Amino acid sequence: MIEESTPQLLGSKLEIKSRKGLNYTGVLHALDTKHLTLTLSNVSVWGEVLDKEMNFYEYEENFAFVVIRDRDMVDFRILSPVTKGSLIEHDGAIVLISEDRELPASSTDPLLPISFHEALKNAYK
């Protein structure tokens, strides 16, 4: 069981250093425990890279998503943990957010919870 004091990692901004020496900074999007990978979104990658001629050069690039295997990580830091509510507020799958503990009532029958289609209509009014 996860304790209340355990920080929520999904949605947190992380910095990861790879075995190749590259640094990855991005938002933790997903953890895959089966394949032992994590996915970062809005990723900046930078560091020194050794080319085929054995010359070092500076590398810097941005990506929408990067999937990293756990065995390729040598360092891991949480730069900014997710704050309450900030993860779902930016999730495109969320149609309706309510602070109320009661389910919203349907407009046709006050005893039934709101339907998915009603929630979609309400979200785009």
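The values are calculated or read from the model by the stated rules, or taken from the named source; none is laboratory data. These numbers were taken from a predicted model, which means no experiment stands behind them. With ideal geometry, Cβ positions are generated from the backbone for all residues, glycine too; neighbour counts draw on all protein chains shown.
Candidates in segment 20-34 are the residues that are modelled with pLDDT of 90 or more and over 12 Å from Val82 (Cα atoms); of these, the one that is surrounded by the fewest Cβ atoms within 10 Å (Cβ to Cβ) is Asn23.
Per-residue answers, yes or no, for (1) out of contact with any Ser or Thr (no Cβ under 6 Å at 6 or more places or on another chain); (2) part of a loop (DSSP other than H, G, I, E, B); (3) at pLDDT 85 or above; (4) aromatic (Phe, Trp, Tyr):
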{"residue": "Glu58", "(1), (2), (3), (4)": "yes, no, yes, no"}
{"residue": "Val67", "(1), (2), (3), (4)": "no, no, yes, no"}
{"residue": "Asp75", "(1), (2), (3), (4)": "yes, no, yes, no"}
{"residue": "Leu79", "(1), (2), (3), (4)": "yes, no, yes, no"}
{"residue": "Thr83", "(1), (2), (3), (4)": "yes, yes, no, no"}
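Kindly provide the set of residues from segment 20-49 that are of a type in the set (S, T, N, Q) and either under 14 Å from Met73 (Cβ atoms) or in a strand (DSSP E or B) (or both), ordered by number.
Within segment 20-49, Asn23, Thr25, Thr37, Thr39, Ser41, Asn42, Ser44 qualify.
Only residues in segment 14-32 that are charged (D, E, K, R) count as the first member; pair them with residues that are in a strand (DSSP E or B), Cβ under 6 angstrom, at least 6 apart or cross-chain, and list the lot. Cβ pairs passing all conditions: Glu15/Thr25; Glu15/Arg77; Glu15/Leu79; Lys17/Asn23; Lys17/Val74; Lys17/Asp75; Arg19/Val74.
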